[in-house]
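Taking it in order: structure first as structure tokens, then the write-up.
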Amino acid sequence: MLVLMGMSPSLMVMGQEPIYGGIMHTPLSADAHALNPFSWTTTYEAYVIWHIYDPLVRLDLENQAYACIAESWSHSTDFSEWTFVIRDDVYWHDGEKLTIDDVFYTYNLNWNDPDIPRRSWLFDEITELEVVDNTIVITFGWGPKPADVLYDLATTLIVPEHIWADIDLHDYANDVNPIGSGPFKFVEWERAQFFRLEKHDQYQFPIYIDGKTIPIISEVEAAFYALAGGDIEVMANPPPELESAAEFYNASVHTSLNDYWVYLGMNQRRYPNNVTEFRQAIMYGIDRQEIVDVIKYGRGAIMPASCNLPWGTYYNEEAKTYDYNITKTIEMLDDLGWVDTDEDDIREDGLGNPLEFDVIVSADAQESVDTVKFIKTYLEPAGIQVNVVPIIWDVLWTTVGGTGDEANTWDYDWAVLGWVGFWSDFHPSSFYWLLSADNWWGSNAVNIPGWNSTVRTQVTDLCELVLYETDEAVVADLIDQIQVLVAEDLPYLPLQVNGGTYLYKTDEYKGWQLGPTDGPDNYFTWLSIQLISPPESGPGYLALGAILALVITVGLIKFRRRRD
Amino acid sequence: MTLLEVKNLKTYFHTKGGSVKAVDNVSFKLGKGEVLGLAGESGCGKTTTCLSIMQMVDFPGEIMEGQIMYENAFEVIDEDRKKSLRDRILNRNPGNEKRTRNLLEFSEAEMRRIRGNHISMVFQGAMNALNPVHRVGNQILEVLNIHEPELEKEDAWDKVIDILETVGIDSARARDYPHQLSGGMKQRALIAMALVNNPDIVIADEPVTALDVIVQSQVLKATKELQRKFDLSMIMITHDLSVIAEVCETLAIMYAGKLVEYGDLRTLFKEPFHPYTQALINAFPSITGPKKDLFDIGGSPPDLRNPPEGCRFHPRCPKVMPICSKKIPSETPIKNGFVACWLYEEEEK
Amino acid sequence: MGLRGYIAKKIFFALIAFVIAITVVFFLYHVIPGNPANIFATDRTVNPEQRENLLERWGLNEPLWKQYGIFLRNLLQGDLGFSYLHKLPVSEVIGISLPWTLLLLGTSFVLNAVIGIFLGAFVAWRRGSKLDTGFVLTYNFYNAIPLFFVGMLFIALFSFYSRKWGWPFYFPAYGAQTAGSSEWGFFPHLVDILWHLVLPLTVLTIAGILGWSWFMRGNLINILTEDYIKTARAKGLNENQVLYRHAFRNAILPVVTNIGMSIGGLIGGAVLIETVFSYPGTGRMLYEALIRHDYPLVQGAFIIISGLTLLGLLLAEIVYGFIDPRIRTS
Ligand SMILES: Nc1ncnc2c1ncn2[C@@H]1O[C@H](COP(=O)(O)OP(=O)(O)OP(=O)(O)O)[C@@H](O)[C@H]1O
Ligand SMILES: [Mg+2]
């Protein structure tokens, strides 16, 4: 054991002891469907589950590791052996103490049980799991980087062995009354209506609110009025036309960037998409800032051509940025010699075919369809004809090869799609996932853009190096190189990173925690938030109920009288 | 003895294109036990005349002018009004409460006491004149329920059965629905409904037009018998000369909203005065011969929104004179009636 | 044939219609492009091997006719399949949402029918009056605004502005009950549920009432020109008696046959209203299942909805048989 990293809660709660608790109301836009820490599939489920269960390590607002169940951790010099020490003051919601055996049970289940949908690819790389006193020692066949281990593997939610040992894992029986060690205890779930959670009294960190209610509100407009009226305290992505009115209702606005970026995929299995200069010309010809400003209402940012999210440690500013420049596009096309020969205002490529492309896009996603329409108008003056082809998501996904089926035809010119969950700002392996010829998305079975230039081999090699490199400085250098190569060769044409806007009420609660990539409704807010003044008494409708009852009684009496 | 007297009745329909003068200055009398035939081309205002008597002219129709004097009207008058009226009448004319009154001055509630009780009406188009969702017997019973509420249920039902048998319907059919009856039976049921509460006057608007010939004469015979039996006064609207010949005593000929000739049936048939009537009757060699439609004269009746000046028949009249298109002829008395024609107004010629 | 034969015939045809409906639903959702299995493909945590397992487990690899056979057999056993999304049997998912929908639709249906019929009758009787003109204007106006918009307007007005402007009441913007209200005891819980019902019910019911009374008004106006109405007046009946004893019942007959259409409209409205008001009913569940491609659930929901609609229609036709003597006695 050479390096020891101790982490303490980075959060200091505002000076004095809080007085008021309160119930915090945060809506979801759709119902969760199974509160199972292994088999959840949607963000709605994840949202609730992460209230109830805790991992060894969470990410803080700056995306740094935050010790949760783990007290500290260390690794061998070659990163192949990782040791986690757990805290001594962690309890399950049923009062049992959380022990290292629970951690071992969870990791072992993920590692060995083929029916568990694994939440981390690193479980595949484990060679040995071992418990020593109150530590768990995880041994890999090689040395994954701290970022990968901490953010991917160590964020696996820990489940209680004394409950799960008796459960058939296919049964999803744990939905009914999930017991975790997270900050909130599960109280009630009315399907399609709400979740009720209450504060876990024995939680290892202080919590001030008494509980959380998570109503399901399908429409953002309705959520907005609920927020303005005081029924909920926070909401995501309010209708843009209402957002500007937020301050009238004592709501503050917070914007952040999401780990969700959208790209234009040019199918490089087809000429002329496989001509790098052509892709570059197209990239110059798209006004991506305008797309962010107009279509996304300014929620988001331009995605760098290097496919690396524009914040965080590994971002390389040296890589090409392709600022909007339509003249450059025209120049480059002229240089290629692809000019309009038959005077129909559409240029012909090297084989004499017109530069006309169908862009497939998910018909459900209006913003993406609009994006394609914008691209169409951008490229028109350059003599490129773009046709908007909205199709249903399933067909789109099969067509671009996303399913990895043998039957893939890759029968498309261009497509607009998005990626979620690559955390390429601090995840050294994200490029490996996305671009390496050896991996799922980059493999020949999927390889959505059909990237196949010599640069691809170079990038694949560099990705491998990153994966096995132990020197952090070298890793950074390698990733810099990858970014330059990717930005130059453009396997994807990244358009924008989506952003989120949040409204949160500052007249009732204080202690909101805000981060660049997080909304105000996050783990650290849950721990620090408290009411400003004592909670109001009595729901407002009781008055109405009384009035109604009075009217009915009076009506009945009169009616009786008249009949007598 | 005059039971009902219509004086100068004017009923107009206010349509967008102008007022349709459907009934324009019509006067006639109906005696006790008398059967008056009302004949005329389609659209000349027969139905409207009768509806005016019942005060059931639908929007946009309006009774503009005239009097409908009904003899037994006093008893339906509202009690408080009756009292003041009685005082006035008795002071002037002691011992006579049964004063004839103008129905047009009656309130809607008073009129409701007239309808079905004193004057009942059988409508044109029997096929649809019974409510399809109520039993025939109950529909007849309803008349008694409204006008004789104090009648015992069983007695009322007995009355319904009685009247049905009188018109020739088996009492078992009382519990049938209209769609289970034949056309003739429906028509009889309607007549039964009109008669059940012993009215003074029955208005029958083409009661047999929709029926086939054999059923027609059955129904007519039954009607005539009943009329004799109860000494009913009737107004019978028809297109059919033989119907008129069979049941009527007096005949009124209507043309374009006006009565052109009115008189005793037999005299009229023998010696018609008005050229219109002449044309009608001469067209038929024998009134007992095969049934034919009454009207078969050249030309078509005028638009009642702006009828011709003078005599309304003059554009079609074979004996037209210059005066005819200038002034409206007045009603010249003839035997038992009158005729409205310039041919007979000596002094004006 | 009589009433019994009529009912037997109607039940027979309803059953045939139901079989056709479920067959259409089944094939429709199996021939449209895309494969339910793609759901798993978009999920990074499911690898191809696992996907195959899932397909196997849910019989998605069988040929279509075989799947149809399995589907029918399961249906007979009351098994509607398994919802990918909810990880529950479809029947259970529907069982959770259906009571809410029935509460909303049932109440709305009764209010629509009762108020709609009487309002329509009243307006028809006073046709040409200011009331009638007002009614016609309201009907056309309300029909021209999308229901979604009306819902939002109601939320803004009665949930938010009512509080802002200090009205003595307001109604919730979402949900069917306050979280935790089930612990308040029976009566307060009931009041809470009714309180939440008010806004969605009102929006849905205004549309329904207007539709019903519009239809009723049209019928009655026609009926009032019928000969038997004249006959009734000539008997000396007053306007009320004419209206309710003679015109009303005849005017209701076509309304009863129209119930099918109005059930369809109600369900369409329910999908919208339940979504706008975040009401936990089958309509919203169906909507979610549709956009998230939960095929078994969509299929199950359609089967239940078409079953309920056909049942409603059947009941309407039976009621019709009872109130129309032409059917009862022929
Ligand atoms: N509701 C109405 N609106 C406008 N005009 C009407 C209305 N009802 C009747 N009329 C007009 O009044 C005139 C007289 O109609 P009415 O029904 O009294 O004729 P009729 O002599 O009974 O004809 P038929 O022999 O065809 O029954 C006709 O010209 C007709 O067009
Ligand atoms: Mg007529």
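Assorted remarks:
- Qualifying residue in segment A:483-494 (condition: on the phi > 0 side of the Ramachandran plot and either out of contact with any Pro (no Cβ under 7 Å at 6 or more places or on another chain) or open to solvent by less than 50 Å² (accessible area, probe 1.4 Å) (or both)): yes
- Residue within segment C:315-323 that is within 13 Å of another protein chain (Cβ to nearest Cβ), touching a strand residue (DSSP E or B) at 6+ places or on another chain (Cβ under 7 Å) and either buried (at least 18 other Cβ atoms within 10 Å of the Cβ) or part of a helix (DSSP H, G or I) (or both) present: no
- Qualifying position, being touching a helix residue (DSSP H, G or I) at 6+ places or on another chain (Cβ under 9 Å) and either of a type in the set (Lys, Arg) or within 16 Å of ligand 1 (Cβ to nearest atom) (or both), among B:Thr209, B:Thr223, B:Thr250: B:Thr209
- Residue within segment A:291-303 that is open to solvent by 20 Å² or more (accessible area, probe 1.4 Å), touching a Lys or Arg at 6+ places or on another chain (Cβ under 7 Å) and among the aliphatic types (A, V, I, L, M) present: yes
- Residue match in segment C:234-249 (condition: of a type in the set (Gly, Ala, Ser) and within 29 Å of C:Phe171 (Cβ to Cβ)): no
- Test result for A:Leu417, within 36 Å of the chain's Cα centre (by Cα), crowded, with 16+ Cβ neighbours inside 10 Å and under 20 Å from A:Asn273 (Cα atoms): yes
One line per residue, one yes/no per condition, for (1) over 21 Å from the mean Cα position of the chain (by Cα); (2) open to solvent by less than 20 Å² (accessible area, probe 1.4 Å):
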site	(1), (2)
C:Lys130	yes, no
C:Phe148	no, no
C:Leu153	yes, no
C:Phe158	yes, no
C:Lys164	yes, no
C:Trp184	yes, no
C:Pro188	yes, no
C:Val203	no, yes
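Residues are listed down the side, and each one gets a yes or a no for (1) surrounded by fewer than 21 Cβ atoms within 10 Å (Cβ to Cβ); (2) assigned to a strand (DSSP E or B); (3) within 14 Å of another protein chain (Cβ to nearest Cβ):
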| residue | (1), (2), (3) |
| --- | --- |
| A:Thr341 | yes, no, no |
| A:Asp345 | yes, no, no |
| A:Phe357 | no, yes, no |
| A:Val361 | no, yes, no |
| A:Asp370 | yes, no, no |
| A:Glu380 | yes, no, no |
| A:Val386 | no, yes, no |
| A:Asp394 | no, no, yes |
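- Residues located in segment A:212-232, provided they are more than 7 Å from chain C (Cβ to nearest Cβ) and crowded, with 21+ Cβ neighbours inside 10 Å: A:Lys212, A:Ile214, A:Ala223, A:Phe224, A:Leu227, A:Ile232
- All conditions but one from (1) at pLDDT below 95; (2) buried (at least 22 other Cβ atoms within 10 Å of the Cβ); (3) in contact with a strand residue (DSSP E or B) (Cβ under 8 Å, 6 or more places away or on another chain) apply to A:Met283; the one that does not is (1).
- Unmet requirement for B:Asn8, which otherwise passes all of (1) part of a strand (DSSP E or B); (2) more than 16 Å from ligand 2 (Cβ to nearest atom); (3) surrounded by 13 or more Cβ atoms within 10 Å (Cβ to Cβ); (4) among the polar types (S, T, N, Q): (3)
- For segment A:176-192, residues that are part of a loop (DSSP other than H, G, I, E, B) and free of Cβ contacts under 8 Å to residues at least 24 places away in the same chain total 2.
- Residue match in segment A:415-431 (condition: over 27 Å from A:Tyr315 (Cα atoms) and not in a helix (DSSP H, G or I)): no
- Test: residue in segment C:276-288 that is on the phi > 0 side of the Ramachandran plot and either assigned to a helix (DSSP H, G or I) or open to solvent by less than 10 Å² (accessible area, probe 1.4 Å) (or both): yes
- Residue within segment B:238-252 that is more than 14 Å from every other protein chain (Cβ to nearest Cβ), away from ligand 2 (no atom under 16 Å from the Cβ), open to solvent by less than 40 Å² (accessible area, probe 1.4 Å) and not hydrophobic (A, V, I, L, M, F, W, C) present: yes
- Here B:Asp58 clears all of (1) within 16 Å of ligand 2 (Cβ to nearest atom); (2) more than 14 Å from chain C (Cβ to nearest Cβ); (3) not in a helix (DSSP H, G or I) except the condition numbered (2).
- Candidate set: segment A:31-64, residues that are under 13 Å from A:Val149 (Cα atoms) and open to solvent by less than 10 Å² (accessible area, probe 1.4 Å); chosen: the one farthest from the chain's Cα centre (by Cα): A:Leu56
- Residue check for B:Leu164: open to solvent by less than 30 Å² (accessible area, probe 1.4 Å), at pLDDT 90 or above and among the aliphatic types (A, V, I, L, M): yes
- Filter result for A:Glu62 (among the acidic types (Asp, Glu) and away from every other protein chain (no Cβ under 14 Å)): yes
- Residue check for A:Ala147: aliphatic (A, V, I, L, M), in contact with a Pro (Cβ under 9 Å, 6 or more places away or on another chain) and at pLDDT below 85: yes
- Considering segment B:195-237, the residues that are among the hydroxyl-bearing types (Ser, Thr, Tyr) and crowded, with 19+ Cβ neighbours inside 10 Å include one that is farthest from ligand 2 (Cβ to nearest atom), namely B:Ser233.
- Residues (within 7 Å of ligand 1 (Cβ to nearest atom) and either of a type in the set (Val, Ile, Thr) or within 14 Å of chain C (Cβ to nearest Cβ) (or both)) located in segment B:34-48: B:Thr47, B:Thr48
- Among residues of segment B:15-33 being within 21 Å of C:Gly128 (Cα to Cα) and either aliphatic (A, V, I, L, M) or near ligand 1 (Cβ under 8 Å from one of its atoms) (or both), the one that is most open to solvent (accessible area, probe 1.4 Å) is B:Thr15.
- In segment B:34-48, the residues that are over 21 Å from B:Ala279 (Cα atoms) and within 10 Å of ligand 2 (Cβ to nearest atom) form Cβ pairs under 6 Å with partners that are β-branched (Val, Ile, Thr) and open to solvent by less than 20 Å² (accessible area, probe 1.4 Å), at six or more places apart or across chains, as follows: B:Thr48/B:Thr11; B:Thr48/B:Val23.
- Looking only at segment B:244-266, and only at residues there that are out of contact with any Gly (no Cβ under 8 Å at 6 or more places or on another chain) and assigned to a helix (DSSP H, G or I), the one that is modelled with the highest pLDDT: B:Arg266
- Remark: B:Ala192 matches the filter, which requires a residue to be out of contact with any Lys or Arg (no Cβ under 9 Å at 6 or more places or on another chain), open to solvent by less than 10 Å² (accessible area, probe 1.4 Å), more than 16 Å from ligand 1 (Cβ to nearest atom) and on the phi < 0 side of the Ramachandran plot.
The values are calculated or read from the model by the stated rules, or taken from the named source; none is laboratory data. Keep in mind that what you see is a predicted model, and the values were worked out from it rather than measured. Don't worry about glycine lacking a Cβ; one is built from the backbone with ideal geometry, like all the others, and counts go over all protein chains shown. Areas reflect the complete protein model, heavy atoms only, side chains present, ligands, DNA and RNA absent. Shrake-Rupley method; radii C 1.70, N 1.55, O 1.52, S 1.80 Å.
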